[in-house]
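**Student:** Provided herewith is a single structure, encoded as structure tokens, for subsequent inquiry.
The values are calculated or read from the model by the stated rules, or taken from the named source; none is laboratory data. These figures come from a predicted structure and were not determined experimentally. Methodologically, a virtual Cβ is constructed for each residue, glycine included, from the backbone with ideal geometry; neighbour enumeration extends over all protein chains shown.
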């Protein structure tokens, strides 16, 4: 298919410029994801020897509950993500009552 007559060179150039501008901030967005994965690796994965995938899922699920609801974050003024997002502390059920 030839799209030459339908799209001018100028329109293609504007689309390219927009795409370039759109990508500029993504480098800094990636910092937060990289930091999260670093925390997961050093605070959870490297400390446990998961024998099965279900065991890893359970441990990681527990870690994310801890990370979001109990672990204070320096960047958030030593509040949890739950406190920042919802404005209140999370009230968690005891682990024995958790749905698996």
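**Student:** Within the set of pairs 6 or more residues apart or between chains, which connect a residue that is touching a residue at least 12 places away in the same chain (Cβ under 8 Å) inside region 43-64 to a residue that is surrounded by 10 or more Cβ atoms within 10 Å (Cβ to Cβ) and assigned to a helix (DSSP H, G or I) with Cβ atoms less than 6 Å apart?
**Tutor:** Listed by first residue and then by second, the contacts come to 44/63.
For every residue, the table says whether it meets (1) at pLDDT below 85; (2) farther than 30 Å from residue 66 by Cβ; (3) assigned to a loop (DSSP other than H, G, I, E, B).
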{"position": "1", "(1), (2), (3)": "yes, yes, yes"}
{"position": "10", "(1), (2), (3)": "yes, yes, no"}
{"position": "15", "(1), (2), (3)": "yes, yes, no"}
{"position": "20", "(1), (2), (3)": "yes, yes, no"}
{"position": "29", "(1), (2), (3)": "yes, no, no"}
{"position": "35", "(1), (2), (3)": "no, no, no"}
{"position": "42", "(1), (2), (3)": "no, no, no"}
{"position": "51", "(1), (2), (3)": "no, no, yes"}
{"position": "54", "(1), (2), (3)": "no, no, no"}
